[in-house]
Amino acid sequence: MTAGLWEHWLLPGIWITIQLTLYSALFATAVAFGIGILRTSRLWIVRFLTGCYVEIFRGTSALVLMFWLFFVMPLGFEMQLVPMWAAVLALGLTYGAYGSEIVRGALAAVAPAQREAAIALSFTPAQRMRRVILPQAIPEMIPPFNNLLIELLKATALVSAVSVADITFAAQLSRLATGESLEIYSIILGLYFVLAFILTRLMRLLERKAKANIGQAPPKSGLVTRKLSAQQETAQSSGTVVSGGAQ
Amino acid sequence: MTWDWDVAKDFLPELLDGLLITLQATALGSVLAFALGLVWAMALRSPTRFVRWPVGVFVEFIRNTPLLVQLFFFYWVLPTWDIKFSALTTGVVALGLHYSTYIAEVYRAGIDGVPVGQWEAATALSLPRGRTWFMVILPQAIRRVVPALGNYVIAMLKDSPMIALIGVTDMLQNARSEGATSFQYIEPYTMVGIAFILISYPASLLMRALERRLGH
């Protein structure tokens, strides 16, 4: 690979991939908490509508959704999105739906006595959620969110298909320019692995902080992927099943 | 939004052709993933670290890098080594390899769940290693992870449109070429999206039911 390709395509590509991951993760987190909390609502219509959202966006493929937003939105609804934002929207909506299952599961896992105690102390529902339930649920969410974040990072490679100039797009251009496929794709795979590794480390840090806040120590775990028990694996893969991969 | 039923009707045969390819890729990819996953899971329990470490690093690497880039890697690099596959075969190999690393983790969890007494009993009966694995441990291990395996098949189905990007004529690719030739984008893409929901939602319900039946 020549210096020019590095400077003009690959380095900006890395920045685009980081931005995409960051924006989609923020959007997906907002969606996940919004939908996840609404799914515990007392009104059946709210539960039904949010359930429909989750099933639709978990059921379809992120790539198809991206193409749909990119090609059908401008024609059907006369809304032309900048490719970058169409990509963030598609990734955020899809991974938000997966994430909402994590949020719902973690909220349900908080001991019922905690909720009852908050009711007995006449906390309002909002106070109950913010002061009692969420602080205990969030540390539980971080490990599955970590897996989902890696999936999201991997899914950002899809945006090259709607011509957003991310790392994968830069790789395609470099391959066309130089024909050194082996070298280029090996570098790109290595780059993604390094990014995934950094994200995992950051999430571990976050987990340790969050657990320390409620007086727990984080479990020991492997280099990158967290080992799961048989039960968790089943629960997790059925709960949060995977679009761009798994967990 | 103007929905044209005539366009939808014209696209339907192509959608079904594409669906066949999509299902074919998913089915073949799953078989490959189940087999390779077992190889990784058994290698990761090998007594010597000279097997465990390289396999561990390889599995982590495949699992933490994007399937799309791996797909491009196989599609563009293998021919330079004089290994020539059709686009569909390349797609199946990439899907199978990528998901085998997830499946290995599922098997591992299942194998860990088999009580130690089963291993000890096999040793006490001096069963050979092969029989211990295939007649005692794996039947029990796999039974409890069937729903998880099924969920990965559904996940693979939803990742399979990526093979359209190396030119396999699956559902997405047919929608893309329909759009490119007739400028009809709305109906084909919407139909492909709905087709995925129609397949994966019942499949996930099935897995949930299975989970309850096999459950604890």
Choice from B:Y99, B:Y75, B:Y185 showing the highest fluctuation, given a GNM over chain B with Cα pairs closer than 10 Å:
B:Y185
Through the Karplus equation 6.51 cos²θ - 1.76 cosθ + 1.60, θ set to phi - 60°, convert the phi angles of the range A:105-113 into ³J(HN,Hα) values in whole Hz; use x for Gly and Pro.
x, 5, 5, 5, 7, 5, 4, x, 4
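Which value in deg cm²/dmol, rounded to the nearest 500, describes the helix-derived mean residue ellipticity at 222 nm for chain B, given -39,500 (n - 2.57) per DSSP H run of n ≥ 4 and division by the residue count?
On the way: 8 runs with 164 residues, N = 216.
Result for chain B, helices only: -26000 deg cm²/dmol.
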Added length on full extension, which subtracts the Cα-Cα distance from 0.36 nm per residue, B:T181 to B:L210:
6.1 nm
In peptide B:77-85, how many Cβ atoms from other protein chains are near each Cβ within 10 Å, on average?
2
Have a look at A:G179, A:G105, A:G13 and tell me which one the Gaussian network model of chain A (Cα, springs below 10 Å) gives the largest fluctuation.
A:G179
Let me make sure I get this right: for the protein assembly as shown, a, b and c are the square roots of the gyration tensor eigenvalues over alpha carbons, sorted descending. Under 1.5 in a/c it's rounded, otherwise prolate if a/b > b/c, else oblate. Which is it?
rounded
Can you pull the one-decimal nm distance between simple spin-label points at A:W85 and B:L16, each 7 Å off the Cα toward Cβ?
4.1
Place the peptides A:149-158, B:53-62 in order of packing, highest mean first, counting for every residue the other Cβ atoms within 10 Å and averaging per peptide.
A:149-158, B:53-62
Using a Förster distance of 25 angstrom, determine the FRET efficiency expected from the C-beta separation of B:R131 and B:R49, and round it to 0.05.
0.50
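Shielding of B:152-161 by partners, i.e. mean partner chain Cβ atoms within 10 Å per residue? Display every interim value, and only then the final one.
Values: counts 6, 0, 7, 11, 3, 1, 13, 11, 2, 9.
The per-residue average across the peptide is 6.
In nm, what is the difference between 0.36 nm times the number of residues separating B:E120 and B:D82 and their Cα-Cα distance?
Numbers: separation 38, 0.36 × 38 = 13.68 nm, distance 4.81 nm.
That pair, B:E120 and B:D82, stretches by 8.9 nm at full extension.
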Can you give the angle from 0 to 90° between the axis of helix B:186-214 and the longest principal axis of chain B, with both taken from C-alpha atoms, to the nearest 10?
20
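Using a 10 Å cut-off on Cβ to Cβ distances, tally the other chain neighbours for every residue of A:148-154 and report the average as a whole number. Intermediate results must be reported in sequence, preceding the final value.
Numbers: counts 0, 0, 3, 3, 0, 3, 10.
Taking the mean over all residues of the peptide, I get 3.
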Within the range B:55-72, which residues have the backbone N less than 18 Å from the label spot 7 Å out from A:F197 along Cα→beta-carbon, could you tell me?
B:55-66
The range A:69-132 and the range B:1-35: distance between their alpha carbon centers, rounded to Å
31
Largest fluctuation, B:S200, B:S182, B:S160 only, Gaussian network model of chain B with Cα springs under 10 angstrom, belongs to B:S182
With the crude spin-label approximation of a point 7 Å out along Cα→Cβ, what separation in nm comes out for A:W44 versus B:D4?
4.3
Distance (nanometres) between label positions extended 7 Å along Cα→Cβ at A:L22 and A:K209:
1.5
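Here, each number is a calculation from the coordinates, and none is a lab measurement. Everything quoted here is computed from the prediction, not taken from an experiment. All Cβ positions, glycine included, derive from the backbone under ideal geometry; neighbour counts span all protein chains shown.
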